[in-house]
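Participant: Have a look at this one.
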Ligand SMILES: Cc1ncc(COP(=O)(O)O)c(C=O)c1O
């Protein structure tokens, strides 16, 4: 037990969820496209001003698996600086892939390395990860994809409150790429407790995935997909998500205030992730780069001894993990993985606690 924990989920109040659960019992519809899922879909379109297609799934790993599987690509380029699910879902979908390095200050997929590898590996899919909520360089990726006839999927698991400002107007991150995949896990900014959402531009692809998540059954209940699966979001999960969506903007404001406090207090001591131009991050996780002379693992140990829980995120880098069996060199990824520490950030935290985290970290850095 720590004085300041790394992450404590803040899920919707029971009182708010209850009215949806009562309706669920009254109507006797618990899953399979019930009224709450329907309501959630409409609210998502409104809230994120998205006029493509949205498919909800039981979690954010299934969303990735299904999108990869049905996008019809063979060879993906993907960063190793990500959560294992980004890669595991490629394995489940049977898609070959190569790892790509990251940008040294933005920590999202490197455009230079993509350019170099796209021909060499005859890639037809770019997987961008909006790492910690920081949007990828979506414009450059779109150009590269167009020139090389590639599709683009964003693993946007931690990026539900991320935007890119165009012509003075914030555009939700789901508007970029062919598909964006979000997680609604209890620890994320928007929670279905477990859940995922796919934003899909192509209507036919969306219809196919929507059918696939219910065993691939057609209207006559005949399976049309060998890779059909059960990946439906239940009415219970949808109830949490609807209530969570109502609080999303308020919660994000509180989160940004805590992040600003971190910036103010730590800016002269550590390096923050540089945001992509004109972009707004969700700051799902607050990860900072320690000075070169610091031993990151020792720092985590010292923080823990001081009662503050910290983590290593996206670590080890996935090209170094035996089960993925890829032996390649990604110098920037390796450097960033070795020097970053993720600090406590959640909506139960006070600014006073942020101050304590910062003072403790600074004391250890300067010792
Ligand atoms: C980048 C990334 N991709 C995928 C996932 C998987 O999402 P889920 O936990 O909803 O399956 C996560 C979860 O944290 C993630 O951070």
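Participant: Given R₀ = 45 Å, FRET efficiency for residue 96-residue 15 by Cβ-Cβ distance, to 0.05? Working shown, then result.
Facilitator: Numbers: r = 49 Å, r/R0 = 1.09.
Computed FRET efficiency for residue 96 and residue 15 comes out at 0.35.
Participant: So for 107, 92, 348, fewest C-beta neighbours within 10 Å to most, what's the order?
Facilitator: Working: 107 24, 92 18, 348 12.
Least to most surrounded, the residues fall as 348, 92, 107.
Participant: Follow-up question, since we're still on this one. For 225, 276, 116, what's the fewest-to-most ordering of other Cβ within 10 Å of each Cβ?
Facilitator: Details: 225 18, 276 21, 116 13.
Fewest-to-most ranking of 225, 276, 116: 116, 225, 276.
Participant: Please list, in order, the residues from the range 9-49 whose amide nitrogen is less than 16 Å from a point placed 7 Å along the Cα→Cβ vector of residue 251.
Facilitator: Taking a point 7 Å out along Cα→Cβ of residue 251, the residues of the range 9-49 whose backbone N falls under 16 Å are 9-18, 40, 44, 47-48.
Participant: Note the full-extension length gain between residue 328 and residue 207 as 0.36 nm times their separation in residues minus their Cα-Cα distance, in nm to one decimal. Let's see the in-between values first.
Facilitator: On the way: separation 121, 0.36 × 121 = 43.56 nm, distance 3.74 nm.
Working it through step by step, the gained length comes to 39.8 nm.
Participant: Give me the percent relative contact order of the range 135-223, please, defined on Cα pairs under 8 angstrom at least 6 residues apart.
Facilitator: On the way: 110 pairs, mean separation 17.5, N = 89.
Value for the range 135-223: 20 percent.
Participant: Okay, next question. Determine, from the Cβ-Cβ distance of residue 355 and residue 301 and an R0 of 22 Å, the FRET efficiency 1/(1 + (r/R0)^6), rounded to the nearest 0.05. Let's see the in-between values first.
Facilitator: On the way: r = 22 Å, r/R0 = 0.99.
The value I calculate is 0.50.
Participant: Could you work out how much longer the chain between residue 139 and residue 3 gets when fully extended? Use 0.36 nm per residue separation minus the Cα distance between them, nm to one decimal. Kindly include the intermediate steps, with their values, before the conclusion.
Facilitator: Working: separation 136, 0.36 × 136 = 48.96 nm, distance 4.25 nm.
Length difference between fully extended and current span is 44.7 nm.
Participant: Report, in cubic angstrom per residue, the convex hull volume of the C-alpha atoms of the range 165-274. Let's see the in-between values first.
Facilitator: On the way: hull volume 18.0 nm³, N = 110.
Taking only Cα atoms, the range 165-274 has a hull volume of 163 Å³ per residue.
Participant: Next up: Take 295, 101 and order them by how many other Cβ atoms sit within 10 Å, fewest up front. Let's see the in-between values first.
Facilitator: Numbers: 295 12, 101 26.
Sorted ascending by nearby Cβ count, the order is 295, 101.
Participant: With only alpha-carbon atoms counted, please give the Rg and Dmax of the range 224-289, in Å.
Facilitator: Rg and Dmax of the range 224-289, Cα atoms, are 18.3, 58 Å.
Participant: Got the relative contact order for the chain handy, in percent, Cα pairs under 8 Å and 6 or more residues apart? Please list the in-between numbers first.
Facilitator: On the way: 741 pairs, mean separation 86.8, N = 367.
This gives 24 percent for the chain.
Participant: Would you calculate the separation in nanometres between label points at residue 105 and residue 294, each defined as 7 Å from the Cα along the Cα-to-beta-carbon direction?
Facilitator: 1.9 nm
Participant: With n ≥ 4 as the cut-off for DSSP H runs, can you work out [θ] at 222 nm for the chain, using -39500 (n - 2.57) per run divided by the number of residues, rounded to the nearest 500?
Facilitator: Rounded to the nearest 500, the figure is -13000 deg cm²/dmol.
Participant: Using mean Cβ contacts within 10 Å as the protection proxy, how do 126-137, 46-57 order, highest first? Provide the component values of the computation, followed by the final result.
Facilitator: On the way: 126-137: 26.9, 46-57: 18.7.
The most tightly packed comes first, giving 126-137, 46-57.
Participant: Further question on the same structure: Residue 363 to residue 220: FRET efficiency via 1/(1 + (r/R0)^6), r the Cβ-Cβ distance, R0 51 Å, to the nearest 0.05?
Facilitator: Values: r = 68 Å, r/R0 = 1.33.
The pair residue 363/residue 220 has a calculated efficiency of 0.15.
Participant: Also, I was wondering about something else. Is the chain rounded, prolate or oblate when judged by the Cα gyration tensor, a ≥ b ≥ c being the square roots of its eigenvalues, rounded requiring a/c under 1.5 and prolate requiring a/b larger than b/c?
Facilitator: Numbers: a/c = 1.87, a/b = 1.22, b/c = 1.53.
Oblate.
Participant: Can you give me the relative contact order of the range 209-269 as a percent, contacts being Cα pairs under 8 Å and 6 or more apart? Each step should come with its number before you reach the end.
Facilitator: On the way: 37 pairs, mean separation 12.4, N = 61.
Across the range 209-269, relative contact order equals 20 percent.
Bear in mind that the values in this text are calculations on the coordinates, not laboratory data. From a predicted model like this one, the values you see are computed outputs, not experimental measurements. Note that we place each Cβ from the backbone using ideal geometry, even for glycine, and neighbour counts take in every protein chain shown.
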